[in-house]
1. Where residues in region 344-354 are surrounded by fewer than 22 Cβ atoms within 10 Å (Cβ to Cβ) and touching a residue at least 60 places away in the same chain (Cβ under 8 Å), which of them is nearest to GLU246 (Cα to Cα)?
2. Which one of these is modelled with pLDDT under 85, part of a loop (DSSP other than H, G, I, E, B), outside the structural domain of PHE91 (by TED's automatic domain parsing) and in contact with a helix residue (DSSP H, G or I) (Cβ under 8 Å, 6 or more places away or on another chain): LEU469, LEU517?
3. Taking ALA532, is it at pLDDT below 60 and surrounded by 10 or more Cβ atoms within 10 Å (Cβ to Cβ)?
4. Consider only pairs whose beta carbons are under 8 Å apart and that are at least six residues apart or on different chains; among these, list those whose first residue lies in region 8-33 and is closer than 27 Å to HIS231 by Cα and whose second residue is among the acidic types (Asp, Glu) and in a helix (DSSP H, G or I).
5. Please tell me if SER369 is closer than 16 Å to GLU181 by Cα and free of Cβ contacts under 8 Å to residues at least 12 places away in the same chain.
6. Let me confirm something: among TRP130, TRP112, which residue is out of contact with any strand residue (DSSP E or B) (no Cβ under 8 Å at 6 or more places or on another chain), at pLDDT 90 or above and surrounded by 14 or more Cβ atoms within 10 Å (Cβ to Cβ)?
7. Give region 252-265 a look and list any residue that's part of a helix (DSSP H, G or I) and in contact with an Asp or Glu (Cβ under 6 Å, 6 or more places away or on another chain), or say none.
8. Within region 5-41, how many residues are modelled with pLDDT of 85 or more, outside any helix (DSSP H, G or I) and closer than 21 Å to VAL266 by Cα?
Amino acid sequence: MPPKRTQFTLAEKHALRAHYAANPSLSQLQLREWFEATTGKPITQGTVSQLLSSRYSSLDGDLNDLRQPKRQRQREQAYPVLESILADWVFHQQHALIISGDLLREKARWFWHRLPEYNGVNEPILSNGWIAGFKARFGIRSRVRHGEAGSIDEATMAAELASIQAKVAQYAPVDQYNCDETGLFWKLVPDRSLGTESLPGVKKEKARITIHHACNATGSHKLPMWCIGKHKAPRAFKAAGVKDVEALGIKWRWNKKAWMTTAIMVDWLQWFDRQMSGRKVLLLMDNFSAHLAAVNELEAMPLGSGLKNTEVVFLPPNTTSKLQPLDQGIIAAFKARYRRSWIRFMLEQHELGRNALHTMNVLKAIQFSIRAWDEVGSTTISRCWGHSKVNLNPSLLPSEPLDQAIIRGIQNDLLQLRAQHQIRQLMDVNQLINPTEEEIVDPKGDVEEMLVMLHAPEEPESDDEEEQLPIVTPKEVLQLLQSIKLGEIQSDDCNAESIKWLERYEKVVYRRHLNNLSQAGIMGYLITGDEARDQIDPDLI
């Protein structure tokens, strides 16, 4: 018998909204985990996003005021997953098709019979009232933002650019932000020959994540990256003993295609808006369909429920390569630094007699990405904003090419890879830094099948065994820190600031060590803080 779609009572929906209201910093992933642990029912991230939207605001307040709290369906949003994927389809196709109510109904039926959430559930009656409600909930109107998506004539582009420049000029550079995502083949082999033939034992790696960047025009504020992978909890996290990858300073989301979806973009925009509390900022975005759909969904919310601190401005179609600041060299600077880390990892693994393609994993890719984003300096960012035509502020620095020292370093490392016979033909550095396949574009062809795939259940990872890393205890870290400090003190160019930083970190690790001792005492016998202190080597304090 086909599995039934999971149903949620109004009380459960109320609990989810109340928990989020009390803990607004929680991500949708964390809310999903809380809900599943509390109710014992599985829930998709798309459903979490829908239940948190304003269309369920009637569930707020006192639970006792709700009529029939065990009732499982609210008429105004009976099919959240269906509506979410149908809205995505509208924003993918609105420039190519005349979308009528009858076409929406036809596509809704098509999706209904292919979405796993509705397997075995009778097809609903998709009335004109439901169509009207769906369009209102997602802000779908008979309009097209910034004209047609195809070619745009010079006069129209000049007029739109002037309008955008005028809007940007109303904000100080520190309050001007841009966001965009890029694909990242995180273990791409830098060998030109792999485009046409394979090296023995080497395949063209396509392991991919999507990274969403955001920063302001001065480079003084780089927001944490949002990384989108193919698995909720990749085995690499568990193998390394990582309990919460977001503690590293990123946000983690996932779907089968590692793709930016409307639900994730809504989540990101709400998170971004909370970071801007007490400010008024401008956010530039390209018209990628997930961006359009997310903004329309937020705009459709009642006044005061959508973005409170952020004004979104969309760039005209087919102009992002010239107008979007992140595309003027910021993302390229990030990728250059990432590729440098990856190539050096390949060299190091070869020296150890190991195959980097086997030892590399998505956790290391995240760590390399964090380091790369941290190394992109404010000067680079400000110069790229200055090069973008959207900003005429004279205080922004003029453009400059990629850091040539990094380029030369990558070129030298590539020569070493070839000397080690890890690659055959040197890849052009620019092609390595910005492979065309990593560009994020709306899919062509069978959009419907792609959208269904995005909502498909998580697939198991490959059978490759992840390297099990040893668990390093706080006491072992303290011992290592002592050695590092001694090495720094003994060096010819001893850095006093580095020693101070190590001593501050030592105090943090020491507290963790005492906490571990206290927890061990609770398990066996109770020990006091003084007794715990006695169990640590005095030389480590």
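1. Among those residues, the one meeting the criterion is ARG344.
2. LEU469
3. Considered against the rule, which asks whether it is at pLDDT below 60 and surrounded by 10 or more Cβ atoms within 10 Å (Cβ to Cβ), ALA532 comes out as yes.
4. Hits for this filter: SER27/GLU246; SER27/ASP267; GLN28/ASP267.
5. Details: closer than 16 Å to GLU181 by Cα: yes; free of Cβ contacts under 8 Å to residues at least 12 places away in the same chain: no.
Criteria not met by SER369.
6. TRP112
7. Passing the criteria: only THR262.
8. The qualifying residues number 3.
The values are calculated or read from the model by the stated rules, or taken from the named source; none is laboratory data. Because the structure is predicted, anything quoted here is derived from the model rather than measured. Here the Cβ is made from the backbone with ideal geometry for all residues, glycine too, and neighbour counts use every protein chain on show.
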